[in-house]
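Note sheet for the following structure.
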Amino acid sequence: MKTLNLSLVFGLLVIVNSFSQEKYASNETKEVIEKMIKAHGGYDQWKSLKTLSFTNSMYSESLGFVRFWVADQTIDMQTRRSYQYWPLFGSQMTYDGNKVWTTNWQSGNPPNHQHSVYYYYVNLPWLTQDNNVILGKVTQLKHPAFKNEVYKIKMSFTKSPTLGKSAKDTFTLYIDKETYILSGYEYTVSYGPLLDVLNVPVTQKSYGPILRINTYTGDINGLKFPMLMTTKSLDLKQQYGDHAIYDYKVNEAFDEQKMIKPENAVVDTSEDKRKSAN
């Protein structure tokens, strides 16, 4: 009669358990998130994208004289490398998968943070499936910012999801109860150098939460992306900014020449810590 090697069995159980750890707080959370992804066109179709390009324009009185930030961005969806051109400033930004560099960078925001900002804004429904994501319990409520009732689910991270983001960042998703489209979200940012730029007190670990409302979602090759957004205070009394995201293109050629750093480029060497910690 053959006997089992107990150490081998124990090792297999550890492996099985490590792969079966759920990112969802409940079965209801999993069901709502899966319906949201389906409503936005499905995960497989999004995952098959080679590239995603778009132009984003933000208007805010807080931006001073210019009042507008405009950027053209192209993302290699398989590696998440990207490059951007900011025409109003003549600035360029590249993320090569390891580091971010810029030429003629005029924005005060750290490039390490800025490279992925709109990547998260437009791809948020699908990014719930990243390995480092935790999704909390579901709450149903009527929110004054949205026409229909919504499901509320907090999205947090087990570690920093990419260069320039913090493990303490959060998104609280508001998912339309009838259509399962992502109607909006509250978000916090915790990347140290950005908190310094925003003059957030050192005792405060995050900026926010701020409410973003997706006021119009469009269809691009069967996938639904936000095209108009507005950013407000949680009580809806303050308007922080308006965003238009347009000229979406999918599966266009990715310019590998943009991954070659020019001699005059400046690499952002900032890390996720406050100046006071230096």
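Every read-out reported here was derived from the displayed coordinates using simple, explicitly stated rules and does not represent laboratory data. In this text the structure is predicted, and so the values were computed from the model without any measurement. Don't worry about glycine lacking a Cβ; one is built from the backbone with ideal geometry, like all the others, and counts go over all protein chains shown.
Worth pointing out:
- Computed lengthening from Gln140 to Leu198, 0.36 nm per intervening residue step minus Cα-Cα distance: 17.6 nm
- Of Lys38/Lys152; Lys249/Lys273; Lys137/Lys237; Lys205/Lys232; Lys137/Lys275, pairs whose Cα-Cα distance is over 24 Å: Lys249/Lys273; Lys137/Lys237; Lys137/Lys275
- Here the relative contact order of the chain, from alpha carbon pairs under 8 Å that lie six or more residues apart, stands at 20 percent.
- Helical mean residue ellipticity (222 nm; -39500 (n - 2.57) per DSSP H run of 4+; nearest 500) of the chain: -5500 deg cm²/dmol
- The Rg/Rh ratio of segment 39-270, with Rg taken over Cα atoms and Rh as the Kirkwood radius over Cα pairs, comes to 0.94.
- Computed from the C-beta positions of Glu149 and Gln238, the FRET efficiency with R₀ = 22 Å rounds to 0.35.
- Counting only Cβ charges, +1 for Lys and Arg and -1 for Asp and Glu, the dipole size of segment 118-241 around its Cα centre is about 240 debye.
- The chain: angle of helix 27-39 to the longest principal axis, Cα-based, in degrees nearest 10: 50
- Backbone amide hydrogens, once placed in the peptide plane, bring Met227 within less than 5 Å of Tyr216, Thr217, Gly218, excluding anything fewer than 5 places away on its chain.
- Residues whose amide H lies under 5 Å from that of Gly241, counting only those 5 or more places away or on a different chain, are Thr231; hydrogens are built 1.01 Å from N in the peptide plane.
- Part-to-part distance (alpha-carbon centres) for segment 142-193 and segment 196-221, which is given in Å: 9
- Put simply, the amide H of Thr170, placed in the peptide plane, has neighbours under 5 Å in Thr188, leaving out anything fewer than 5 places away on its chain.
- Rounded to 10°, Cα long-axis angle of helix 117-127 versus longest principal axis of the chain: 20
- Projecting the Cα positions of Gly108, Thr51, Asn264 onto the charge dipole of segment 39-270 (unit charges on Cβ atoms of Lys, Arg, Asp and Glu, taken about the Cα centre) puts Gly108 furthest along the positive direction.
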